[in-house]
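Bear in mind these aren't lab numbers, they're just calculated from the coordinates by the rules spelled out. Not measured: the values here are computed from a predicted model. Every residue, glycine as well, gets a Cβ built from its backbone with ideal geometry; the counts of neighbours run over all protein chains shown.
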Amino acid sequence: MSTVELKGIEKSFGTNKVINKFDIKIEHGEFIVLVGPSGCGKSTLLRMISGLESVDVGEIFLDEKLINNLIPSKREIAMVFQSYALYPHMNVYENMSFGLKTEKLDKKEIDKKVLAAAKTLQIEDLLDRKPRQLSGGQRQRVAIGRAITRNPKLFLFDEPLSNLDAALRSEMRVEISKLHKKLNTNMIYVTHDQVEAMTLADKIVILNKGIMEQYGTPDEIYNNPNNIFVAEFIGSPKMNILKIPKEKIKNGNTINIFNNDTQFNGYKFVDDIYLGIRPEHIIADNSEEIKVKIKADLIENLGFEKIIYTSIDGSEFRIKTSKNIENNISQISFSKDNVYFFDKEKIRIKKS
Ligand SMILES: Nc1ncnc2c1ncn2[C@@H]1O[C@H](COP(=O)(O)OP(=O)(O)O)[C@@H](O)[C@H]1O
Ligand SMILES: [Mg+2]
């Protein structure tokens, strides 16, 4: 087992600073998911860890050993790419054994490792096939199998499921989770998909423009987002945000919301703020204390649940409910216990 540590990592391409002062310490066996919008620097960070990209400033440690200057093949790290990166002219066995052959392992040892990995991933029957004779999900399994045979100290996954359809994605998600439990090796998994982040991670890193916005367990990130960026990124549909101008705030903690005064004990607001409420915390009746009547612009029916889209004070508002809505009109309400507040700079204001 191993630990991974990144200290003060910085990276620029020309004048474009892509990663800024990135620090992280990953404990034995942890599954870390790096999530953020496209272009925020996720792949660059992984490529620096694997050695495919150089580091401008900072240090990378694997098991307390500095690895910045090691070539990729000496790092004991295996990477799985979105594109699978299989050799088209080689069959599955050859693809999975290629790395081991170049390491000059003997035939028996290679056989053992490839068969063990194939068994783990249930692709033993596919060893003779060429990549073009495989489905997307099978190809991704082969790519993962190739990584397993290297017996690495650290697995890096760069959006490995993005090319698969929704059903296969959720199936492979479960497989990867099981694989992690079985191997108990550190994994760093990059995705832009918050569902993958929430379901796979021991800990999530939220990355935004090369900066770590938050690092914590899925529950911490969902329940205690540091700022609006994190609050909106995790959760689906995303958290509703209403701007509250300071004119609507009285005595520091009473806010006029939907033409009613509501007091929030433990807060002292001084300027404009943002109020956040998750769609799943809104009820399609008037049983909670903060109430308003809405007209749906659109209702998405997901079977068990519906997502109601409406607009409140010019902001789009989303409500998740299992109730039936008559004539697109509904009374909605939510509890003040489920409300989040953010300051003018979009940083969370915590209750004292
Ligand atoms: N080799 C490169 N040369 C110049 N710019 C690059 C290079 N690789 C990535 N970038 C830029 O760095 C930023 C981060 O890219 P990337 O790490 O691929 O983001 P992500 O994986 O989060 O989508 C982007 O603006 C991208 O255009
Ligand atoms: Mg990427």
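A few points about this structure:
- Sorting the segments 196-207, 82-93 by their mean number of nearby beta carbons within 10 angstrom, highest to lowest, gives 196-207, 82-93.
- Scattering profile of the stretch 83-146 at q = 0.17, 0.18, 0.28, 0.29 Å⁻¹ [log10 I(q)/I(0), Debye over alpha-carbon scatterers]: -0.49, -0.55, -1.27, -1.34
- Cα-based Kirkwood hydrodynamic radius, the stretch 240-349, one decimal, Å: 14.5 Å
- Relative packing of 299-306, 17-24, which averages over residues the other C-beta atoms within 10 Å, highest first: 17-24, 299-306
- Nearest 10 degrees, 0 to 90: helix 107-120 Cα axis against the chain principal axis: 20 degrees
- C-alpha long axis of helix 92-102 to longest principal axis of the chain, angle in °: 70 degrees
- About the Cα centre, charge dipole magnitude for the chain (Lys/Arg +1, Asp/Glu -1 at Cβ), debye: 560 debye
- With only the Cα atoms considered, the stretch 293-341 has a convex hull volume of 95 Å³ per residue.
- Pairs exceeding a 18 Å alpha-carbon distance, out of K130/K153; K268/K346; K21/K209: K130/K153.
- Alpha carbon convex hull of the stretch 1-127, volume per residue in cubic angstrom: 150 Å³
- Projected-area average for the stretch 151-268 over all orientations - Cα convex hull basis, square nanometres: 10.5 nm²
- Nearest 10 degrees, 0 to 90: helix 136-149 Cα axis against the chain principal axis: 60 degrees
- Packing-based ranking of 223-236, 282-295 yields 223-236, 282-295, ordered from highest to lowest mean Cβ neighbour count within 10 Å.
- With contributions of -39500 (n - 2.57) from each DSSP H run of at least four residues, the per-residue ellipticity at 222 nm computed over the chain stands at -7000 deg cm²/dmol.
- Convex hull of Cα atoms in the chain, direction-averaged projection (nm²): 21.4 nm²
- Between the stretch 157-218 and the stretch 279-308, the Cα center-to-center distance that results, in Å: 30 Å
- Placing +1 on the Cβ of every Lys and Arg and -1 on the Cβ of every Asp and Glu, with no other charges, gives the stretch 240-349 a dipole of roughly 160 debye about its Cα centre.
- Integer Hz, Karplus 6.51/-1.76/1.60 couplings in order for the stretch 238-243, x for Gly and Pro: 5, 4, 7, 10, 10, 7
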